[in-house]
């Protein structure tokens, strides 16, 4: 007797293997998405920190600069947006940037 086609066991094994491959692929895709999202957030934070350091260096802010480098100070992203240093699309939610002097170097770090 010559049977053509697949047995039930062969079909179930094929479906199981395809399910395993799909699971592994979806897990890897989720990890890739999370890594890209983390990179985006890090790039946005770098832009905001750089803008805050530039804001302190503006000529009209000399007393603010002296105060920040002596005592430390905080600047909001709203201040940076108002002064045109960053765009609203660069900020997902309002953040506070702490500016201080450490090892004779100006530091601008986002408060967590």
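Residues of region 63-95 being surrounded by 15 or more Cβ atoms within 10 Å (Cβ to Cβ) and over 18 Å from residue 43 (Cα atoms), which ones?
Restricting attention to region 63-95, the residues satisfying the condition of being surrounded by 15 or more Cβ atoms within 10 Å (Cβ to Cβ) are 64-65, 68-69, 73, 75, 77, 79-81, 83, 85-86, 90-91, 95.
Result: 64, 65, 68, 69, 73, 75, 79, 83.
Pairs please, first residue from region 93-104 and at negative phi and touching a residue at least 40 places away in the same chain (Cβ under 8 Å), second anywhere and surrounded by 13 or more Cβ atoms within 10 Å (Cβ to Cβ) and outside any strand (DSSP E or B), Cβ atoms under 6 Å, 6+ apart in sequence or on different chains.
As it stands, the answer is 95/77; 97/52; 99/56; 99/68, since those pairs meet every condition given.
Does residue 58 satisfy the condition of being modelled with pLDDT under 90 and in contact with a strand residue (DSSP E or B) (Cβ under 6 Å, 6 or more places away or on another chain)? Before you say what the answer is, go through the steps one by one.
On the way: modelled with pLDDT under 90: yes; in contact with a strand residue (DSSP E or B) (Cβ under 6 Å, 6 or more places away or on another chain): no.
Here the answer is no, as residue 58 does not meet what is asked.
The values are calculated or read from the model by the stated rules, or taken from the named source; none is laboratory data. In this text, all values refer to a predicted model and were calculated from it rather than measured experimentally. With ideal geometry, Cβ positions are generated from the backbone for all residues, glycine too; neighbour counts draw on all protein chains shown.
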